[in-house]
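A quick write-up on the structure given underneath.
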Amino acid sequence: MTSVLLGEGTQGSAEPVESVAAFDSAIAADERIEPRDWMPDDYRRTLVRQMAQHAHSEIIGMQPEANWITRAPSLRRKAILMAKVQDEAGHGLYLYSAAETLGTSREELLDKLHSGRQKYSSIFNYPTLTWADVGAIGWLVDGAAITNQVPLCRCSYGPYARAMIRICKEESFHQRQGFELLLALSRGTEAQHAMAQDSVDRWWWPSLMMFGPPDDESSHSARSMEWKIKRHSNDELRQRFVDICVPQAEALGLTLPDPGLRWNESRGHWDFGPIDWEEFKQVLQGNGPCNEERITRRRQAHEDGAWVRDAAAAYAAKHAARGRGKVQERTETAVDTAVSA
Amino acid sequence: MTGSEGLSARSAAALSDPLLPLADDSLVLSHRLGEWAGHAPVLEEELALANIALDLLGQARALYAELGEEDELAFLREERAFRNCQLAEQPGGDFAHTMVRQLYFSAWQELLYAQLAELGQPLAAKAVKESEYHRDHAEHWTLRLGDGTEESHARAQRAADSLWRFTGELFEPIAGPGPVGEVDWDALRTGWTERITRTFERATLTVPESPQEGAWKAGAGRQGIHTEPFGRMLAEMQHLHRSHPGASW
Amino acid sequence: MSGTDWPLWEVFVRSRRGLSHTHAGSLHAPDAEMALRNARDLYTRRSEGVSVWVVPSHEITASSPDEKDPFFGPAADKPYRHPTFYEVPEGVRNL
């Protein structure tokens, strides 16, 4: 269902020449494109693909972390982890909503995810084997995600940029809690320290892969930058991330598993070793350690929930006509109270 | 006390405190709700279930902090030293089980905490608002499942029936000093039964007529007698903490 | 896949007393009551609000971008509606 707030997916409504000019000048002036504005088909497609992939990553990303909710070693950590996984559901929701403004329903996008026609970030195809992995995901994976996402707050598409502003605000605690978790382990017992180091060893390289293929091999990058959907290249962001992480690893008392890491005075950046792009490709193509499990689990949840969604829809249809005004008045009072509680 | 070796003196002293059963209820149900993370029926419900779980965990932590050291109490007691009601520990089952469990529990907790707030228990005033919202959420789902489709109706009725035998324990007086010792348990039972009956009527569900508790004289959760799935739940919850004695996290 | 796609709702949140409700985003819900609860759980979990409105997305009437000029253009040439249009001699206060 779309509304007048949303784009209808209709292209080239007014005179194309004027529309193209309006679009181009809005992009050039760093103005935002809004759902009902005319936009090139490719711009729309690129956005839907990117927002969908981003949303899918949020909800698939719940799995590796939720894996530890029932085993969190302290009540404080249990609360933090539950709140974090919950945020990811919320972020998925914001992003699906943003994608819906372009006339693509959530149901349609979920269907594409479940049938493997749309991807999610391949980082979530790695398993969380120890508690320290919860920390490494927060510090490295969320850290990489934030590096990627902060520039998206200025993305040319309004609804996406607004969703990202909300997400980035909420994400700020995610990375910190991961760092803090690892710090506690690193400064803890010998076994805890070893757990933390092992985890960083496993997550470091996959985190660097999160920025995507090198610039000269990235098929969509150039145009996305032209359209201001994307503001920095993959390699730029990757370098920024490495530069941020090196001193943080030192503060953690942990090492990064790259013998090639060294400060390059002339570049003013840290040099780092070669990334195994073959592994990246393999994981992307479905040969990662958890691809099969992640998508099966997601599909299962959706199928198991079908009778619940049907029930609520059936109930709504039955009760649609009955005493609506009255019910709503009552409900609003209840929610006002609950919210201010 | 069985199953509580390794607690500090302060935490050990909490074992007979009348607030401990309430803290355990909240922790255990929160844990069970946390098991849903990542596979709720719809994304919006992920948020709702996690909110309830976080409220409950917050209640448990606040109570444990009053009584002793929270992680000792949560992670270093064995099954027989837990005082939660058996209802809270029941596995989630399908979504209908989860929602009916929540309805039975939160309708009770709301009434209990309302009494405790009046009796001057300082933590109850905040908790009663939370449980009111939880009950409201569970009630709305009970209506939709009960009066939704044929399948959802059957599932909701099955959940209502199978969890019924754990509800009697909720009204067994918890003895001890302080506000909990002064609760009017009969009024609680009356209020709860009215509430559930009204909700079930609206949801086109039948209030079960089977007994509300089991026949075993050993008692139930309040006596540290639990159902089999609870031991496995604790094993999962506690193993990491216990694998690293004395470590901090 | 279930054929019953829940409708889309727009959510408006009042962040505190004295301010108006502003658009926060959207969500899916089977009916108004659940939409309100979902909105509370999603958009106010960090105490972002004290009151929530939900509106079915398809119930909102919006101006179309095609009507941009006739709709909003005419207001642009009436600067006398704004106080900065008027010159006031230096030293005159409370005006």
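A few remarks follow.
- Test: residue in the stretch A:109-122 that is in contact with a Leu (Cβ under 7 Å, 6 or more places away or on another chain), within 28 Å of A:GLN239 (Cα to Cα), part of a helix (DSSP H, G or I) and at pLDDT 95 or above: no
So that you can scan it fast, the table gives a plain yes or no per residue for (1) surrounded by fewer than 13 Cβ atoms within 10 Å (Cβ to Cβ); (2) under 20 Å from A:GLN197 (Cβ atoms); (3) free of Cβ contacts under 8 Å to residues at least 12 places away in the same chain; (4) among the β-branched types (Val, Ile, Thr):
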| position | (1), (2), (3), (4) |
| --- | --- |
| A:ILE244 | no, yes, no, yes |
| A:LEU256 | no, yes, no, no |
| A:GLN285 | yes, no, yes, no |
| A:ARG297 | no, no, no, no |
| A:ASP304 | no, no, yes, no |
| A:TRP307 | no, no, yes, no |
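- Those residues of the stretch B:47-93 which are part of a helix (DSSP H, G or I), within 11 Å of another protein chain (Cβ to nearest Cβ), over 16 Å from the mean Cα position of the chain (by Cα) and in contact (Cβ under 8 Å) with a residue 12 or more places away in the chain, in sequence order: B:ALA48, B:ASP71, B:GLU72, B:LEU73, B:PHE75
- Scope the stretch C:10-61; condition closer than 15 Å to B:HIS140 by Cβ and β-branched (Val, Ile, Thr); matching residues: C:VAL54
- Test: residue in the stretch A:164-181 that is polar (S, T, N, Q), outside any helix (DSSP H, G or I) and either within 12 Å of A:ASP133 (Cα to Cα) or over 15 Å from the mean Cα position of the chain (by Cα) (or both): no
- Test for C:GLY25: is it touching a residue at least 12 places away in the same chain (Cβ under 8 Å), assigned to a loop (DSSP other than H, G, I, E, B) and in contact with a helix residue (DSSP H, G or I) (Cβ under 7 Å, 6 or more places away or on another chain): no
- Of the residues making up the stretch B:143-173, those that are closer than 23 Å to B:LEU22 by Cα and in a loop (DSSP other than H, G, I, E, B) are B:ARG165, B:PHE166, B:THR167, B:GLU172, B:PRO173.
- Scanning the stretch B:137-157 for residues that are facing another protein chain (nearest Cβ under 8 Å) and among the polar types (S, T, N, Q) yields B:THR149, B:SER152.
- If you go through the stretch A:23-48 and keep only what is buried (at least 16 other Cβ atoms within 10 Å of the Cβ) and assigned to a helix (DSSP H, G or I), you end up with A:PHE23, A:ALA26, A:ILE27, A:TYR43, A:ARG44, A:THR46, A:LEU47, A:VAL48.
- Of the listed requirements (1) in a loop (DSSP other than H, G, I, E, B); (2) within 15 Å of the chain's Cα centre (by Cα); (3) within 7 Å of chain B (Cβ to nearest Cβ), A:PRO73 misses just one: (2).
- Residue within the stretch A:127-138 that is surrounded by fewer than 19 Cβ atoms within 10 Å (Cβ to Cβ), free of Cβ contacts under 8 Å to residues at least 60 places away in the same chain, within 24 Å of A:ARG298 (Cα to Cα) and more than 14 Å from the chain's Cα centre (by Cα) present: no
- Put simply, of C:LEU19, C:LEU42 the only residue that is crowded, with 17+ Cβ neighbours inside 10 Å, closer than 30 Å to A:LYS84 by Cα and either facing chain A (nearest Cβ under 7 Å) or without any contact (Cβ under 8 Å) to a residue 24 or more places away in the chain (or both) is C:LEU42.
- Conditions (1) under 25 Å from B:ASP17 (Cα atoms); (2) within 14 Å of chain A (Cβ to nearest Cβ); (3) in contact (Cβ under 8 Å) with a residue 60 or more places away in the chain: number failed by B:ALA235: (3)
- Yes/no for B:LEU27 being within 19 Å of the chain's Cα centre (by Cα), in a helix (DSSP H, G or I), facing chain A (nearest Cβ under 9 Å) and not aromatic (Phe, Trp, Tyr): yes
The values are calculated or read from the model by the stated rules, or taken from the named source; none is laboratory data. Here the structure is a predicted model, which is why all the values come from computation and not from measurement. Note: ideal-geometry Cβ built from the backbone for every residue, glycine included; neighbour counts use all protein chains shown.
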